[in-house]
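Visitor: Here it is: the structure, laid out below.
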Amino acid sequence: MVKTIEELESKYDLELDKVIGEITRKKAKIVLLQFPDGLKPYTTAVVDYLKEKTSAKFLIWFGSCFGACDVPVGIEKLKIDLIVQLEIMR
């Protein structure tokens, strides 16, 4: 089953406009997105949406994401400009 951005936005407020604003403000070229398990089915919908709104390239971290202290280890060589940890907000 394909998950859509419309379906996601009807259930949760991920504040994607704020994410777009931060990408634009920082002029980020490479953005790493972290998703909690409950949002992982929506990863492609979120990336497609963000690609439409920005010129950034996106990497998806499919490892754990248990909050702000759970930053991926070993990504230093990827030259990531911004890490965005999405969380479920209702």
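The values are calculated or read from the model by the stated rules, or taken from the named source; none is laboratory data. A quick note: this is a predicted structure, and the numbers were derived from the prediction, not measured. Using ideal geometry, Cβ is built from the backbone for each residue, glycine included, and neighbour counts are taken over all protein chains shown.
Visitor: Please enumerate the residues belonging to the stretch 22-40 that are assigned to a helix (DSSP H, G or I), of a type outside the set (D, E, K, R) and either free of Cβ contacts under 8 Å to residues at least 24 places away in the same chain or within 27 Å of residue 77 (Cα to Cα) (or both). Let's see the steps before the verdict.
Guide: Within the stretch 22-40, the first condition is being assigned to a helix (DSSP H, G or I), and the residues that meet it are 22-26, 37-40.
Next cut, of a type outside the set (D, E, K, R) only: 23-24, 38-39.
Scanning the stretch 22-40 gives 23, 24, 39.
Visitor: Kindly indicate whether any position in the stretch 5-21 is assigned to a loop (DSSP other than H, G, I, E, B), over 11 Å from the mean Cα position of the chain (by Cα) and more than 26 Å from residue 77 (Cβ to Cβ).
Guide: As a first pass, look at the stretch 5-21 and keep what is assigned to a loop (DSSP other than H, G, I, E, B): 12-15.
Add one more test, that the residue is over 11 Å from the mean Cα position of the chain (by Cα), and what stays is 12-13.
Narrowing further to those that are more than 26 Å from residue 77 (Cβ to Cβ): 12-13.
Within the stretch 5-21 (the criterion being assigned to a loop (DSSP other than H, G, I, E, B), over 11 Å from the mean Cα position of the chain (by Cα) and more than 26 Å from residue 77 (Cβ to Cβ)), the answer is yes, since at least one residue qualifies.
Visitor: Can you confirm whether the stretch 67-77 contains a residue that is at pLDDT 85 or above and either hydrophobic (A, V, I, L, M, F, W, C) or assigned to a loop (DSSP other than H, G, I, E, B) (or both)? Before the answer, list the steps.
Guide: Taking the stretch 67-77 as the starting set, the residues that turn out to be at pLDDT 85 or above are none.
So far as the stretch 67-77 goes, no, none of its residues is at pLDDT 85 or above and either hydrophobic (A, V, I, L, M, F, W, C) or assigned to a loop (DSSP other than H, G, I, E, B) (or both).
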